[in-house]
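Remarks on the structure that follows.
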Protein chains: 2
Amino acid sequence: MLKYQQTADEIERYIEQHELKQGDKLPILEELIRQFAVSKTTMTKSLELLERKGIIFQVRGSGIFVRKTNRTGYIRLFSTQGFKQNLVGHTIESTVLALEPMSATNNIAKNLGIEAGETVYYVKRIRYIDGKILCLEESYYRQSIVPYLNREIVEQSIFEYLETALQLNIGFSDMYMHVGKLSAESARHLDLTEGDPGLTIETVFHLTNGRPFDYSVITYHYEHSHFVVQANGLYL
Amino acid sequence: MLKYQQTADEIERYIEQHELKQGDKLPILEELIRQFAVSKTTMTKSLELLERKGIIFQVRGSGIFVRKTNRTGYIRLFSTQGFKQNLVGHTIESTVLALEPMSATNNIAKNLGIEAGETVYYVKRIRYIDGKILCLEESYYRQSIVPYLNREIVEQSIFEYLETALQLNIGFSDMYMHVGKLSAESARHLDLTEGDPGLTIETVFHLTNGRPFDYSVITYHYEHSHFVVQANGLYL
DNA sequence: CATTTTAATTGTACATGCACAATTAATCAA
DNA sequence: TTGATTAATTGTGCATGTACAATTAAAATG
């Protein structure tokens, strides 16, 4: 593990152990450098990481402060950490509705930047959070990159399998969001009524080398999904 | 303007001028350093910025590549740039429905981390994108931080006014999203029907020094709002 | 005592340098 | 020609150092 990640984790633990609240001040940069025995570069990178995670904010000339949201029960949409760390205290379960190889349609091919007809793994799941229906997910994995999937893997975390077992390095993703009315089929799976609201997020996942390997379409249950995003630069 | 931001802009222009496409390779780091005549640190920071903006991705041992989304007409939800740069080619207009000082309710106070009863500016607007209704916005600005607002300012970009005229430094924000059914009143403003889907985003904006100054509740028109997010670390 | 000015504090920008990891290209072996 | 090994390429991690900007606290001023 990299030193600056390690250090960031340690600082995070420091915040927990000292029970620091929103707005509380951390030791000054120099002191942190001494305390954690790293160089300025490393400490700066650690702090930058924590800032992107929404855990601290830095004010030049003033200090480094703890940042916390005052709401609980919200799912982090774009966390630097994954689904799991994200949802400590929550139980995620999945029911597999489909798992089979198929030939990529035009739409799938376009999103994955491949030729139509190439083989992809089709995975359809319902995901539950604390026993309640969270979302309906349909994913398409390029078989040339993800050669094998089985029911056991798909019932757990697919991405964990990809990272640990297949040693794939997941890089970045493009997400497209819109809100609409549920189709009869989606509504049935989500235990809702046709025409009810639904948030749909289409995501194209890429490896660190830029190759797209997964196109997924997720429709969230509007009553059970509340999201939080901690943004840093501007926004809308 | 900072050197690394300047350099990032120049590289962005370089990409445009050379008409580089998704996946195209940029000159190698050393070459970029020579070409733009900056140090390695600066160039690295510039590239990191561009990476966070979703404009490039870097692959160790391989090179630096252009990253582009293949969809148009989507609004960037969390861009490092603001609303304006974000929406080049689009026209944003606003109709002001309300603009008045008021006493903070419990909910507003809680979100802004202030005492109930403190004076806030209440702004209610409908915002249009290319002539179509985009969203209904209700914002509450702390008067102690934003002492003055008028109709002219509010019809344009409030944030631009805050940054340029008031010299406020906008830092980070916490956004809470959920999907629901429109109330009769919201539906009326959005020219939709009660019970139609709506994406609601509550945002608490902070200055760089960590002080919250604006709590806003925006409900988007589900037919006219499609969002794109370019994420980097993990996600869900 | 209120206000301005100055000084101390504290994080950020930028430069240089060394070591190293991941990828890719070149070489070699069979 | 294929597959393995080696070497070259290329970005990242980490350390050190100087200068500086924003904030805050202290001192000076009226």
Short to long, in 5 Å steps from zero, the percent of alpha-carbon pairs of chain A per bin is 1, 6, 11, 15, 16, 14, 13, 10, 7, 5, 2, 1, 0
For the rotation taking chain A to chain B, the chain A residue with the nearest C-beta to the axis, plus the distance in whole Å, reads A:P197, 2
Diffing the stretch A:175-181: the Karplus 3J(HN,Hα) column from phi (6.51, -1.76, 1.60, θ = phi - 60°), in whole Hz with x for Gly and Pro, holds 10, 10, 10, 7, 10, x, 9
Protection proxy (average C-beta count within 10 Å per residue), highest first, orders A:31-41, B:213-223 as B:213-223, A:31-41
Reduced to Cα centres, the span from the stretch B:6-65 to the stretch B:110-156 in Å works out to 38
Listed by chain and number, the residues whose amide H is under 5 Å from that of B:D24, excluding neighbours fewer than 5 places away on the same chain and using placed H, are B:V66
Label points for A:A165 built 7 Å along Cα→Cβ; distances to same position in the other copies, nm, shortest first, come to 6.0
Per the C-alpha gyration tensor (a ≥ b ≥ c, the square roots of its eigenvalues), the protein assembly as shown is rounded if a/c is under 1.5, else prolate if a/b beats b/c, else oblate; here it's rounded
Taking only the Cα positions of the stretch A:152-211, the convex hull volume per residue in Å³ is 99
Sorting from shortest, the nanometre distances separating the label point of B:S39 (7 Å past Cα along the line to Cβ) from those of the same residue in the other copies are 1.2
Plugging the Cβ-Cβ distance of A:E93 and A:E48 into 1/(1 + (r/R0)^6) at R0 = 35 Å yields, to the nearest 0.05, a FRET efficiency of 0.50
Relative to chain B, whose Cα atoms define the longest principal axis, helix B:40-52 and its Cα axis are tilted in degrees, nearest 10, by 50
Given backbone amide H placed at 1.01 Å from N, residues whose amide H is under 5 Å from that of B:L168, ignoring those fewer than 5 places away on the same chain, are B:E163
Straight-line reach check, A:K68, cutoff 27 Å on alpha carbons, 8 or more apart in-chain or any other chain, hits among lysines -> A:K3, A:K21, A:K25, A:K40, A:K45, A:K53, A:K84, A:K132, B:K45, B:K53, B:K110
Taking every residue of B:174-185, the Cβ atoms of other protein chains inside 10 Å of its Cβ average out to 6
Shielding of B:196-205 by other chains, given as the mean Cβ count within 10 Å, works out to 4
About its Cα centre, the stretch A:75-228 carries a charge dipole, from +1 on Lys and Arg Cβ atoms and -1 on Asp and Glu Cβ atoms, whose size in debye to the nearest 20 is 200
Given backbone amide H placed at 1.01 Å from N, residues whose amide H is under 5 Å from that of A:I56, ignoring those fewer than 5 places away on the same chain, are A:E51, A:R67
Output row for B:K132: copy-to-copy label distances, label 7 Å along Cα→C-beta, ascending, in nanometres, one decimal, is 3.2
Applied in sequence order to the stretch B:141-150, the curve 6.51 cos²θ - 1.76 cosθ + 1.60 (Karplus, θ = phi - 60°) yields integer Hz couplings, x standing for Gly and Pro, of 9, 5, 5, 5, 9, 10, x, 9, 9, 9
At the level of C-alpha centres, the distance separating the stretch B:173-193 and the stretch A:177-204, in angstrom, is 17
Checked the stretch A:3-66 against the a/c 1.5 cut and the a/b vs b/c comparison, axes a ≥ b ≥ c from its Cα gyration tensor; verdict rounded
Residue-ordered couplings for the stretch A:105-113, obtained by feeding phi - 60° into the Karplus form 6.51 cos²θ - 1.76 cosθ + 1.60 and rounding to whole Hz (Gly and Pro as x), are 6, 4, 4, 4, 4, 5, 5, 8, x
For chain B, longest principal axis from Cα atoms; helix B:3-17 axis from its Cα atoms; angle between them, nearest 10 degrees, is 80
Taking a crude spin-label model, label points 7 Å out from Cα along the C-beta direction, the A:E100 to B:E30 distance in nm is 5.4
Here, A:R151 and B:M1, labelled 7 Å along Cα→Cβ, have an inter-label distance in nm of 5.9
Once A:K132 and A:H226 are pulled to full extension, the length gained, defined as 0.36 nm per residue separation minus their Cα-Cα distance, is 32.5 nm
Only helices counted: for chain A, with every DSSP H run of 4 or more residues adding -39500 (n - 2.57) and the sum spread over all residues, [θ] at 222 nm is -7500 deg cm²/dmol
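Since every read-out is calculated from the coordinates, none of them should be taken as a lab result. The structure presented is a predicted model; accordingly, all values stated were derived computationally and were not measured. Note: ideal-geometry Cβ built from the backbone for every residue, glycine included; neighbour counts use all protein chains shown.
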